[in-house]
Amino acid sequence: MNSLKKNYSRREFLKTNLLVGAGAVAALGSTNKAFANYVSEFSTTPAVLGGHPALSSHDWPAWPIWNPKTDEKQLLEVMRSGVWSRGKVVAEFERRWAELCGAKRSLAVVNGTNALNTSLAQLEIGWGDEVLVSSYTFIASVSGILFNGAIPVFVDVDPETFQMDPDKIEEKITPNTRAIIPVHILGLPCDMERIMAIAKRHNLIVIEDACQAWLAEINHKKVGTFGNAGCFSFQNSKNMAIGEGGAIISDDDDFMDRCFSFHNYGNPYGSTAGQIGTGTVRIGTKLRITEYQAAIGLAQLSRLESQTKLRNENAGYLKSLIKEIQGIVPYKLTPNVNQAAFHLFPFRYLKDDFYGLSREKFVDALNAEGVPCSSGYNELNKMPFLKNAFNSKFFQKIYPKERLDYEKYAEENMCPMNEKLCNEQAIWITQNVLLGSKSDMNSIAVAIKNIRNNAEKIKSKI
Ligand SMILES: *Cc1c(COP(=O)(O)O)cnc(C)c1O
């Protein structure tokens with residue numbers, strides 16, 4: 001059959017002939033008839049209906065990246081040294097991470113979840129307190145609040161940015177509110193300037209969940225350095241991949257000393273040492289990372305800055321291409337963001353502009369074209385962990401009955417914009433795609449356009 005040839009020639013065409021640069025924007029618009037015809041000639045059948053995919057999965061850089069030549073020397077040294085528990089390589093990793101973030105101190109811990117737990121605990125946020133948190137996020141942004149005994153209060157999002165909406169924060173503040181956890185979700189920064197101003201006005205602690213936002217910047221200042229503490233994750237799927245790992249950054253020496261102590265059984269450290277020989281000084285646990293994790297981290301750090309730049313370039317370019325497509329609304333950055341992390345590339349899908357093709361079918365169709373994507377988060381504020389926490393013996397012992405009225409809580413924590421993103425509109429493309437080439441970005445845009453052109457057919461056939 002000539003389908004292979006057709007696929008080859010289409011790939012060839014896309015790789016070699018699609019304009020690279022701003023010109024491609026015009027080329028994808030309907031004004032350029034010659035181009036539109038050429039593309040449609042090669043793309044009459046979307047992959048989901050049996051045509052050839054616009055891209056194949058092996059086109060994307062695999063994740064995580066590991067380069068034996070450059071990355072294994074230090075790792076092998078650690079393995080052969082027999083010093084595997086926390087030592088000088090972890091300290092070196094912390095020094096480098098603090099430096100890259102522009103923070104005074106950094107503490108490596110076992111994961112991002114415990115970076116958040118530790119920060120909350122060492123800022124003494126817990127029983128009786130309310131903590132404001134973005135509604136559009138991963139479970140770990142919220143679970144740490146309950147873990148420390150506090151009650152999460154969900155703030156709705158701005159659907160254009162996917163971030164906590166600063167206009168909706170103050171209406172949620174009560175006499176019990178102690179802290180805000182802005183989450184730089186998808187690697188796009190929250191509006192920290194406005195959030196910090198609100199926090200200052202109401203005397204609230206700010207813990208940034210930057211677990212998806214390594215090296216993202218607002219006015220050339222890294223996220224994680226705006227609040228009292230910044231928390232990061234180095235889990236395997238993250239842009240800074242160690243397998244498991246996390247970090248807390250802060251300029252507050254006393255706080256960082258307390259965090260160190262907490263992550264090391266509560267044993268004395270720095271200013272928390274107290275009198276020599278007094279022994280363990282606080283409630284603590286053990287959250288130390290190993291020397292070999294730090295060695296892997298140092299290898300990943302060596303490419304994080306250049307990868308971040310590439311993701312930003314490709315994201316901006318892909319955004320410029322797909323915003324031309326009716327029914328596709330790419331992310332908007334909050335004011336003064338000069339670099340995002342792009343853990344994900346988000347856009348909103350408006351099915352009415354796609355002849356009513358459901359988001360699930362659109363995602364299937366785009367995946368079939370070889371573009372890894374998903375419909376993203378479910379609504380956290382309606383999951384059973386909240387009601388179960390309220391019903392637990394712990395919460396019932398500490399809180400008066402009226403504060404554990406779940407029906408009332410659920411009503412007060414409705415987030416209609418978040419609901420829309422979760423249930424109808426959000427679509428993510430994974431971060432490794434943004435390490436591809438410009439012509440890959442062109443192919444993604446062509447694939448989306450082709451799905452739109454065939455939306456009615458796809459709707460009836462799959
Ligand atoms: C990944 C993540 C976490 C938790 O990090 P782990 O290292 O997986 O524990 C917390 N918050 C957000 C927004 C995350 O994406």
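The residue 411 and residue 127 beta-carbon pair, evaluated with R₀ = 30 Å, returns a calculated FRET efficiency of approximately 0.80.
Can you tell me the length gained on complete extension of the stretch residue 378 to residue 396, counting 0.36 nm per residue apart and subtracting the Cα distance?
Taking residue 378 through residue 396 to full extension adds about 3.7 nm, to one decimal.
Among 164, 414, the sequence by solvent-accessible area, most first, with a 1.4 Å probe is 414, 164. Here segment 360-445 is assigned +1 on the Cβ of each Lys and Arg and -1 on the Cβ of each Asp and Glu. Its dipole about the Cα centre then comes out at about 480 debye.
Loop-resident GluC sites (Glu not before Pro) (DSSP state other than H, G, I, E or B) in segment 79-179 with no more than 16 further Cβ atoms inside 10 Å of their Cβ: 124, 160. A quarter of the convex hull surface defined by the alpha-carbon atoms of the chain gives 25.2 nm² as the mean projection. Taking the helices alone, the chain has a mean residue ellipticity at 222 nm of -12500 deg cm²/dmol, built from -39,500 (n - 2.57) per DSSP H run of at least 4 residues and averaged over all its residues. Stokes-Einstein diffusion for segment 255-331, with the hydrodynamic radius set to the Kirkwood value over Cα pairs and evaluated at 37 °C in a medium of 0.692 mPa s, equals 198 µm²/s. Shown for the chain: the carbon plus sulfur share of the solvent-accessible area, taken with all protein chains present and a 1.4 angstrom probe, equals 52%. Distance from the alpha carbon centroid of segment 360-387 to that of segment 166-212 works out to 26 angstrom. Among all the lysines, which ones have a C-alpha under 22 Å from residue 387's C-alpha, if same-chain residues fewer than 8 places away are not counted? Candidates past the 8-residue exclusion: 172, 397, 401, 408.
Derived value for segment 407-462: Kirkwood hydrodynamic radius 14.7 Å. Basis is the mean of 1/r over every pair of different alpha-carbon atoms. Site pair residue 456 and residue 236 shows an inter-label distance of 4.5 nm when each label is modelled 7 Å from Cα along Cα→Cβ. Once the chain from residue 283 to residue 360 is taken as fully extended at 0.36 nm per residue, the excess over their C-alpha distance is 23.0 nm.
Between residue 430 and residue 160, what length in nm is gained on full extension when 0.36 nm per residue of separation is reduced by their alpha carbon distance? Before the final figure, lay out each step's value.
On the way: separation 270, 0.36 × 270 = 97.20 nm, distance 1.87 nm.
Working it through step by step, the gained length comes to 95.3 nm.
Among the listed pairs 104/332; 323/438; 323/461; 286/382, which have their C-alpha atoms separated by more than 22 angstrom in this model? Listed pairs above 22 Å: 104/332; 323/461; 286/382. Return the inverse of the average 1/r over all pairs of distinct C-alpha atoms in segment 68-299, which is the Kirkwood hydrodynamic radius, in Å to one decimal. Mean inverse Cα-Cα distance, inverted, gives 18.0 Å.
The values are calculated or read from the model by the stated rules, or taken from the named source; none is laboratory data. Everything quoted here is computed from the prediction, not taken from an experiment. Methodologically, a virtual Cβ is constructed for each residue, glycine included, from the backbone with ideal geometry; neighbour enumeration extends over all protein chains shown. Calculation scope for accessible area: heavy atoms of the full protein, side chains included, ligands and nucleic acids excluded. Shrake-Rupley method; radii C 1.70, N 1.55, O 1.52, S 1.80 Å.
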